[in-house]
Structure formats: C-alpha cells, structure tokens
Amino acid sequence: MANKDQTDTVRMEKIVSLCKRRGFIFQSAELYGGLNGCWDYGPLGTELKRNLKDYWWRKNVQERDDILGLDGSILTHQAVLTASGHIGGFSDPMCDCLLTKARLRADQIDPQSGTAYHFTGASHEQSGWSVDRPYSVLLNQPNQDENKARKTAKAFYAQFLNDNQISPKKLTLVGETTSEETDVTNYNPDNGSLLTEPRDFELMFKTQMGASADENDPNATAYLRPETAQSIFVQYKNVVDSNRVKLPFGVAQIGKAFRNEINPRNFTFRSREFEQMEIEYFCKPEDGLKLTDTWLANRLAFYEEIGLDKKKLHVLDIPDGERAHYSQKTYDIEYDFPFGQQELEGVAYRGDYDLGKHQKHSGKPLEYFDEETKEKFIPHVVEPSAGCDRTVLALICEAFDEEDLTKEGGKNDVRTVMRFRPCVAPIKVAVLPLLKNKPELVAKAKEVQHLLQPFMNVFYDEAAAIGRRYRRQDEVGTPFCVAIDFETLGEEDASMKDTVTIRHRDSMEQERVAISDLLSWLLERIR
Ligand code: GAP
C-alpha cells in the first residue's frame, strides 16, 4: 500500500461480518447494546489467539535460553504506577464537540482552514427567550453555503431552550462576525462545530480494594495495569535472585492491559481491554542501541513467519521529540490494515529509566553486580512490546481472500478463504466421512478424529455434500481436510485400504496418505 492513509472500507466490512458469522470475534455484551471498546473472542477467535500466543511464547521463551516467563497481577499497586510516571502522566488531551458532545483526541485532529462564523448568542422574539454565549462554526470547503454555519449555530443554541416547542429555525442569531482561519484544530472536522479546550483525560482504570474500601482512602486505591511491562520491572530483582541469570537476559509476559481509550475504533484495533506480548530485555548500557536493532530484525522475522506479507510491514524510526519520555530509541512496526497503515508493535530502548525510577521510589537497590568486572550498575532495557489483539486482527486481515472460481459461461462462484499459516490456523484439520449414512465410513472417520485429537484441534463434520463441507472449512481457514471414502474401506481396491484423501485448502489439490502416516504428515506441516 503506497499511501499510508489508503483504506478499503468494503473489505473491512466483509472481514468484520465474517468474524461474527463464523465465530471469531463478537462485540462484548452485544445482547445489551454492546460495551464500547471491549470484544469477546468466539470459539475460532479463541483458538487463533491462543495459537498466536503459543507461537510467540515458543519462539521467545521456550526456544531461547536467555528469556524467562512471568505472569504478573493485573491489579497494580499505585506506588508502582507513581514511580513509572503513569499516575499524573498517562493521559490523552481530549476535547468535546459543543454540538454533538462527541469526544475527540485533540492531538489527532487534522488541521483545517476556512471561514469561521462567530456568534455571541441567540434569541427568540415571541417568547422573549435569549442566551448569551460565544460559539463558532468553521466552513472548511470553498464556496460553502454560509447558511450552513447559521443552521449549525441555531442547533447549538437550541440546546439551551427549555421549551421544546420552539424550533431551532425560529431562533435569531446575535453578533455574527467572520474570520479567516488557517490550519486550526479547534473545530470538529465532521460538522464544523467549535470544540472545547483540550483537557487531560486519565487513561487508567482505577478501582478500590478490600471489603471496607473507602473511595477517599488512597491506600485502598489500585489500578488495572495499563501495560504488562511494570510488573516485570518490579519483579526484576526477584527474578535475578531466584534464577541464575546473567546479562543480557529477558523476561517475557503475555497478559491483559487496560486503557480507557477516548475513542476506541477500527474493530479490535484500539480497545479498552487488550492483551500485550512484551519482553523486557535487560542488558549492559553499551549494548542497548545495538540490541534494539537486533530485536527489530527478530520481530520483523516473527511477523513474516506467522504469515504477514513483508510488503505490508513498515518500520518507523521515531524521531527525537516524538518518542515516549523514557525512550532513547523507538521503532514502530506498522502494518497495512484495510483501514490504513497502523502500529502493531513498538521496539523501544528504555535505557535505565524504569529500574532507576523503581529503585528511587522504593528505596531498594536494583543494581546488577557484574561478577567479571566487579561493577554494580542498573541494567538498561530493550522492550519489544506487541499487541496480541492487533496481531490477531492483522492475521485475519491478511488471511481474508475471495477467490473467483467462476468457469467460463458458468454460475458465479466466489470462494471465501482464510489463508492462515497452518501454525496459527484455528482448526488444523477437518475429518469428513464421505457419507453420513454409511456406518463404516462414520466409524473410520471417528477413529481418525480420535487419533489426531490429542495433538491438534480437529473438526469433525458429516453434514452436507463434501464440496460444501470443504468450502465451510475454507471460510475459517482450515489448511487440511481429510476425507474418508470408499477407498479408505478398501472395498474395491485392497491396496487403498486405510488411506485417506487430504485436500489442501490453498491449492485445492488432493493427495492420498496412509492413516498410519497421517499424524506425522500433519505434525510436520502445522508447527
Ligand atoms: N510497554 C510499552 C507499551 O505499552 P505501547 O506502544 O503503549 O507501549 C504496546 O503499547 C503495544 O500494545 C502497541 O504497539 C499495540 O500493539 C498494543 N496496544 C496499545 N494500546 C492498545 C489498545 N488500546 N488496543 C489494542 N492494542 C493496544
């Protein structure tokens, strides 16, 4: 995608619809109108997400000898977040549309230019009603009808009427003046209405702990963690003391994080409850910058391994002044989602900021003693921090395909196929007896199902014609279908007894494999 802002709304709508129809992702509390910014993973989404997390864990913890795991608590001591700078510092500038009350991130409003219409108030002659309050509307298109600004202003002032019998149209605007504005960000781009001044909006969810918790008791206050990273820093010393680790080493964690996002959007992309996959990689100060580059390369390779197209992955080297306060170097890894190029992961060199802060605030030493040099110092940290839900969404967007199989002169035939890499595919294999009313076929298929089930997620399906069943599996991305047919029973050709047809999802090609080889055949291909 050449243009960062290029979007494909139709494709995204199809993806969201498939996710619901086939049970990947549902709106949380949909039955009650939905809980904004929260999502529930359905049966297939759960498998997909679990496969991603397992793969990440395998690559970053199991297959390495320098990274250990941690599973920290979600409820977080306020002292931790005071030290980290989150309390008092983790907020977004927010403003409200004076007309619709829509809440916008002030730093994400595109600058606009045009003519601003200013008013000092409005009145209603017959009833004697009036209101004094300055209000403005921006018309940002050339030759726009100025009455549009007046109509918007009347709708704004009508909010102050006590008498809903009076139509906004009947109001008289007071004190109209105009001004030419260039690159301003204090008007709502959707309707031109003036916005409130930006205010800091606390992004953390606060809660009270304990049966006698009093809202005003600061000691009873806890927070839902806004990132998994902090428990790693706070447990750093315990990990070092309980495991014989030497620099460089990492601590990895997968878990929920919570942010009261002002504007959750783009399906699961920006949620209020989400999962992170983070590593804090502790190192000597002189190795920090080099390791940041090494981790960037490592993480890009990971995304390719799980099936994201290299061409859709982009690296942004965040310039000075735009990085988080703690970071001396940050790369963002972005992906071409159908709604534009957006961040998947940040690889940040956090220096000794976090351990330094926790040492200072807790008063406990967090230095590392280097046996070789006999030096004591606070380790530096490189942090690859990935969004689990965002990666699941990227996998879904990447996998979605509509293949036109219409034959010349034939009926329109479009195959929806989710081209997941087998390592992340929710169902690894579907077992399909050719006919459901032939007990020998069903018994054999069940036998194959039970043979494979301890090792992978298997789906058994005997309903409908085999072609339809293949298509149902294509739509959820099952890489292999195993058909149990008459040849499996060896009724006509004894040499074919106990062999099955394997149908490949992507090529739709078929091959014959002996049941005795089936498990190893599949295991080789699904890891
Ligand atoms: N510990 C560093 C940290 O949390 P971040 O850039 O704020 O850095 C890391 O978050 C990753 O977490 C992001 O790259 C993104 O993938 C994911 N993430 C952050 N906020 C999110 C949200 N509201 N919804 C879904 N994922 C989110």
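The values are calculated or read from the model by the stated rules, or taken from the named source; none is laboratory data. In this text the structure is predicted, and so the values were computed from the model without any measurement. Here the Cβ positions follow ideal geometry from the backbone for every residue, glycine too, while neighbour counts run over all protein chains shown. Note: accessible area is taken over every heavy atom of the protein model, side chains too, but ligands, DNA and RNA are not part of it. Shrake-Rupley method; radii C 1.70, N 1.55, O 1.52, S 1.80 Å.
Could you grab me the full set of residues in the stretch 455-484 that are among the basic types (Lys, Arg) and open to solvent by 10 Å² or more (accessible area, probe 1.4 Å)?
Selection gives Arg468, Arg471, Arg472.
If only one of Glu398, Glu462, Glu403, Glu383 is within 16 Å of the ligand (Cβ to nearest atom), at pLDDT 95 or above, touching a strand residue (DSSP E or B) at 6+ places or on another chain (Cβ under 6 Å) and at negative phi, which one is it?
Only one candidate passes the filter, namely Glu383.
Scan the stretch 361-371 and tell me whether some residue there is within 14 Å of the ligand (Cβ to nearest atom), at negative phi and not aliphatic (A, V, I, L, M).
no
Which of the residues spanning the stretch 243-265 are more than 27 Å from Gln62 (Cβ to Cβ), more than 8 Å from the ligand (Cβ to nearest atom), open to solvent by 50 Å² or more (accessible area, probe 1.4 Å) and not in a strand (DSSP E or B)?
Passing the criteria: only Asn263.
Select from the stretch 75-93 the residues that are buried (at least 19 other Cβ atoms within 10 Å of the Cβ) and in a strand (DSSP E or B) and list them in ascending order.
Of everything in the stretch 75-93, those that are buried (at least 19 other Cβ atoms within 10 Å of the Cβ) and in a strand (DSSP E or B) turn out to be Thr76, Asp92.
Against the conditions (1) open to solvent by 70 Å² or more (accessible area, probe 1.4 Å); (2) in contact with a Leu (Cβ under 7 Å, 6 or more places away or on another chain), where does Asp107 fall short? Just the number, please.
Here Asp107 meets the rest and fails (2).
As an exercise: evaluate Gly114 against (1) at pLDDT 95 or above; (2) touching an Asp or Glu at 6+ places or on another chain (Cβ under 9 Å); (3) in a helix (DSSP H, G or I); (4) of a type outside the set (S, T, N, Q) and give the number of the one condition it does not meet.
(3)
Would you confirm whether any residue within the stretch 26-35 is closer than 24 Å to Phe269 by Cβ, surrounded by fewer than 16 Cβ atoms within 10 Å (Cβ to Cβ) and within 15 Å of the ligand (Cβ to nearest atom)?
yes
So which helices (runs of 4 or more DSSP H) stay within the stretch 450-527 end to end and still have 2 or more residues that are of a type in the set (S, T, N, Q) and without any contact (Cβ under 8 Å) to a residue 24 or more places away in the chain?
So the answer is 515-526.
Please verify whether the stretch 383-395 includes one or more residues that are assigned to a helix (DSSP H, G or I), within 30 Å of Thr292 (Cα to Cα) and open to solvent by 40 Å² or more (accessible area, probe 1.4 Å).
So far as the stretch 383-395 goes, yes, one or more of its residues are assigned to a helix (DSSP H, G or I), within 30 Å of Thr292 (Cα to Cα) and open to solvent by 40 Å² or more (accessible area, probe 1.4 Å).
Need the failing condition index for Thr292 against (1) open to solvent by 20 Å² or more (accessible area, probe 1.4 Å); (2) of a type in the set (S, T, N, Q); (3) more than 13 Å from the ligand (Cβ to nearest atom), just the number.
With (1) open to solvent by 20 Å² or more (accessible area, probe 1.4 Å); (2) of a type in the set (S, T, N, Q); (3) more than 13 Å from the ligand (Cβ to nearest atom) applied to Thr292, the lone miss is (1).
Scan the stretch 94-104 for residues that are open to solvent by 20 Å² or more (accessible area, probe 1.4 Å) and in contact (Cβ under 8 Å) with a residue 12 or more places away in the chain and jot them down.
Asp96, Leu98, Leu99, Thr100, Ala102, Arg103, Leu104
When both residues are 6+ apart or on different chains and their Cβ atoms are under 6 Å apart, which pairs have a first residue that lies in the stretch 113-142 and is touching a residue at least 60 places away in the same chain (Cβ under 8 Å), and a second that is assigned to a strand (DSSP E or B) and of a type in the set (Gly, Ala, Ser)?
Listed pairs, sorted by first residue: Ala116/Ser136; Ala116/Ser179; His118/Ser136.
Is it fair to say Gly45 is of a type in the set (Gly, Ala, Ser) and over 17 Å from the mean Cα position of the chain (by Cα)?
Spelling it out, it is not the case that Gly45 is of a type in the set (Gly, Ala, Ser) and over 17 Å from the mean Cα position of the chain (by Cα).
Can you name every residue in the stretch 306-332 that is within 15 Å of the ligand (Cβ to nearest atom) and in contact (Cβ under 8 Å) with a residue 40 or more places away in the chain?
Answer for the stretch 306-332, where residues must be within 15 Å of the ligand (Cβ to nearest atom) and in contact (Cβ under 8 Å) with a residue 40 or more places away in the chain: Ile306, Leu308, His325, Tyr326, Gln328, Lys329.
If you check Arg421 against the conditions, is it within 28 Å of Tyr331 (Cβ to Cβ) and either away from the ligand (no atom under 16 Å from the Cβ) or not in a strand (DSSP E or B) (or both)?
Spelling it out, Arg421 is indeed within 28 Å of Tyr331 (Cβ to Cβ) and either away from the ligand (no atom under 16 Å from the Cβ) or not in a strand (DSSP E or B) (or both).
Scanning the stretch 333-346 for residues that are open to solvent by less than 20 Å² (accessible area, probe 1.4 Å) and of a type in the set (Asp, Glu), which turns out nearest to the ligand (Cβ to nearest atom)?
Glu345
When the residues of the stretch 389-435 are narrowed to those that are basic (Lys, Arg) and under 22 Å from the mean Cα position of the chain (by Cα), which ends up nearest to Arg469 (Cα to Cα)?
For the stretch 389-435, the residue satisfying everything is Arg419.
Scan the stretch 9-25 residue by residue and report those that are without any contact (Cβ under 8 Å) to a residue 60 or more places away in the chain and either open to solvent by less than 50 Å² (accessible area, probe 1.4 Å) or within 16 Å of the ligand (Cβ to nearest atom) (or both).
Of everything in the stretch 9-25, just one residue is without any contact (Cβ under 8 Å) to a residue 60 or more places away in the chain and either open to solvent by less than 50 Å² (accessible area, probe 1.4 Å) or within 16 Å of the ligand (Cβ to nearest atom) (or both), namely Gly23.
To keep it simple, each residue is scored yes or no on (1) hydroxyl-bearing (Ser, Thr, Tyr); (2) assigned to a strand (DSSP E or B); (3) crowded, with 16+ Cβ neighbours inside 10 Å.
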residue	(1), (2), (3)
Trp57	no, no, yes
Val61	no, no, yes
Arg64	no, no, no
Ser73	yes, no, no
Phe119	no, yes, yes
Ala122	no, yes, yes
